[in-house]
Structure formats: structure tokens, C-alpha cells
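Report on the structure given below.
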Amino acid sequence: MTVRFAILGAGRIGQVHARAVTATPGATLVAIADPVADAAQKVADNYGCDIRSIDEIAASDDVDAVAICTPTNTHADLIEQFAKAGIAVFCEKPVDLSLERVKACLKTVEDQGGTLMVGFQRRFDPDFVALKKTIEDGRIGSVEMITLTSRDPGPPPYDYIDVSGGIFRDMTIHDFDVARWLLGEEVQRVQAAASVLTDKKIGELGDYDSINVILTTASGKQCTITNSRRATYGYDQRIEVHGSKGSVSAENHREANIEIADSTGYTRPPLMNFFMSRYVNAYANEIAAFVGAVANGTPTPTTGHDGMMALALADAALQSVAEGSVVKVSDVVGSP
């Protein structure tokens, strides 16, 4: 089966997924939708697909799956629209900024028997996959403590910060998902601290740029997350997992994997400076996994529930900062 795709949104991430779809065996790009005509035309020219409206795509009989790469405030409505149309959905995170809206959306998908995968590309990074396999193979024993470091070279534009839902829902949400994936059990308690250290304008917009979070599971496993909107040395992405028999870590990616030794000492090339280049293989693997799930009728590897729980941890972290307290995740998630 060839999975016939349409992409909603021809911006930066839409272009990444267009490239991934066309490079994936068993997938073909049929259509692109974007209100900005030039952006849609660029994708159409590059990949030989049609330009259609979102409603036209939903009514098409030659589309099996869509990738939703539109602004966050459109995600839940579009997921519901395409679930009702019987079209499989891949959606960039988050499903919505409101946990209650996410629950309602997931209920609609369930009622329709729809297929939904939420985009958490870090689970598909080759290094992180190898790290996860090391844990599953028992090489380091049982997981006890995890440290996740994610620091951006610089903040996003102010107009994006104003609508992103803040650092916990936009940036740390990836770390929350990775934490759940690696811990192997749900997080029970969240304690967070947040500051504005890099740009006071970010604080004026009601957000933070420097945060630390401690996640604790029912069995006592811990995960510490550190995020910053400023890393002068590049895009900093590291994982260390400590277990009962040892540890495993994933280090940063550099522009070249070399080391130079001369009279000044030892030097290495700089880190990659952007998530699009750091995670290029992860994005490709993510789409390939979705194609496989759609083609074979199997569950998607990242689900709407994963999206909901990552958002719940973000909400718990925000509550923890506001109250200066440890927050129970169950109090945030509430009833299904």
C-alpha cells in the first residue's frame, strides 16, 4: 500500500515533512494546503504535488493521511475534521494548549475509530533510540535517575512566544515526553523553578527563559530537566540515564565529529545550531514510522495520550512555579 499524503501548512516544519514524505518508501505527497500562496507554490514546485484547500483535502478520495503543520490553535479542530473524514492524522505537538480541549479531541478520534500520531521527533533520533534499547536490554539495570539537558541557541521571535503557550508547553514538552518514554512509568509528582535570565522582554510577555524541573514516579525514579533559551555555544541536547548497574548517555551533535590537537590544545568543531539540522534523521524516521502504522493498520508509536500527558506535565510545572509547591499530576489530569 502506498500512503497518499497531504500536508496542511507550508511553513518551516511543513517543508521538513514534505521532504520526509517524498523520501519515504511507500509514501507519496499528493497535496499541500496553505493560505500563503507563495509558500504553497514552493512546496508544490519542489515536490510535484497539487495545491488544495483544507476542505478540498478533507473531501478528497486520493488522500489517506495528513500531516498537520499549522498554528497550534488550529490543531484540535483539524484533527477532528480529518478523523471524521476517515483520514489518518499526524499532528505536530501540542494537540492544543488546553488540557480539556485535548481530552475532547481525543474522545472524538476514539469515537470515529481514527488514527492519530502526535509528533515527538526526539523518540526517533538514532542516538536516543540506541540509548532506549540499552535500557531495554538491561545493560544498565533498572533506571533510577535521568538528566535531560535542552538549551536553545536563542529564543524564538516575540510574536511566537506570545502564542506558544510558554516555555513549558512549547520547549520542555519534548523533554516531558522523552522523560515518560525513558522512565518506563508515569510521573506522579512535578516540582519546577523558572526564571527570566536572558531577556526581560520574555518576562514581560508572561513567559520564562530558564527552567529546571524534577519529575518523580510512584516508585521513586527521578528525572531532572534543565532548559534555557540561551546557549552561546550552540544547540545543546544531552541525555544521561543512571541505572542500578551503570549508566548510558547521548552526547551533542557537532558540525563534524573530529578533534584537532595543536600547540593551542585540543579543539572540536561547534555544535549544530538549529533543531532542524540536529533532528533531520529523527523527522525522517518519525514520518516513516507513521507511514508504516497507516499502511499496516498498527498502532502509532506516539499517540494522542502521549500528547495529553506531556501537556499535563507542562501544566503541572506551571502550577508548581506559581505556587512554589510539588504538584500531583493526577490533580492536573483529573478525570478522563
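Just so you know, all these numbers are worked out from the coordinates, no wet-lab data involved. What you are looking at is a predicted structure, and each value in this text was computed from that prediction instead of being measured. Here Cβ is always computed from backbone atoms with ideal geometry, including for glycine, and neighbour counts include all displayed protein chains.
Which aspartates and glutamates, on any chain, are close to K245 with Cα under 16 Å apart, when same-chain ones fewer than 8 places away are left out? Once the sequence-local aspartates and glutamates are set aside, what remains near K245 is E136, D137, E144. The magnitude of the dipole of region 231-273, with charges of +1 and -1 set on the Cβ of Lys/Arg and Asp/Glu and taken from the Cα centre, is near 160 debye.
G86: net charge of surrounding residues, Cβ under 12 Å, Lys/Arg +1, Asp/Glu -1, itself excluded? Result for the neighbourhood of G86: -1. Just one of (1) 57, 57, 47; (2) 64, 40, 37; (3) 74, 50, 33 is Cα extents along the principal axes in Å as worked out from the coordinates here. Which one is it? Identified label for the calculated read-out: (1). Between N285, A23, I135, the Cα set farthest toward the positive side of the dipole of the chain (charges on each charged residue's Cβ, about the Cα centre) is that of I135. Note on L205/D331: beta-carbon distance plugged into 1/(1 + (r/R0)^6) with R0 of 35 Å gives a FRET efficiency of 0.80. Enclosing the Cα atoms of region 3-114 in their convex hull gives a volume equal to 88 cubic angstrom per residue. Per residue, the chain reaches -12000 deg cm²/dmol at 222 nm when only DSSP H runs of four or more residues are counted, each adding -39500 (n - 2.57). Projecting the Cα atoms of I161, C105, A40 onto the dipole axis of the chain, where Lys and Arg carry +1 and Asp and Glu carry -1 at the beta carbon, places I161 farthest toward the positive end.
If you take the Cα centroid of region 211-249 and the Cα centroid of region 64-136, the two points sit 24 Å apart.
A Cβ-based charge dipole, computed about the Cα centre of the chain with Lys and Arg at +1 and Asp and Glu at -1, lands at about 760 debye. Computed from backbone phi, the HN-Hα couplings of region 5-15 come to 9, 10, 10, 9, x, 9, x, 4, 6, x, 5 Hz, rounded to whole numbers (Karplus: 6.51 cos²θ - 1.76 cosθ + 1.60, θ = phi - 60°; Gly and Pro given as x). Only Lys, Arg, Asp and Glu carry charge here, each on its Cβ (+1 for the first two, -1 for the last two); on that basis region 3-114 has a dipole of about 360 debye about its Cα centre.
Here L311, L116 are placed in order of increasing Cβ neighbour count within 10 Å, fewest first, which gives L116, L311. Hey, which aspartates and glutamates would be in cross-link range of K200, C-alpha to C-alpha under 18 Å, not counting anything within fewer than 8 residues on its own chain? Excluding near neighbours in sequence, the set is D152, D159, D162, D209. The relative contact order of the chain comes to 20 percent, based on Cα pairs under 8 Å that sit 6 or more residues apart. Around the amide H of R230, modelled in the peptide plane, lie the amide H atoms of D152, all under 5 Å away and 5 or more residues distant in sequence or on another chain.
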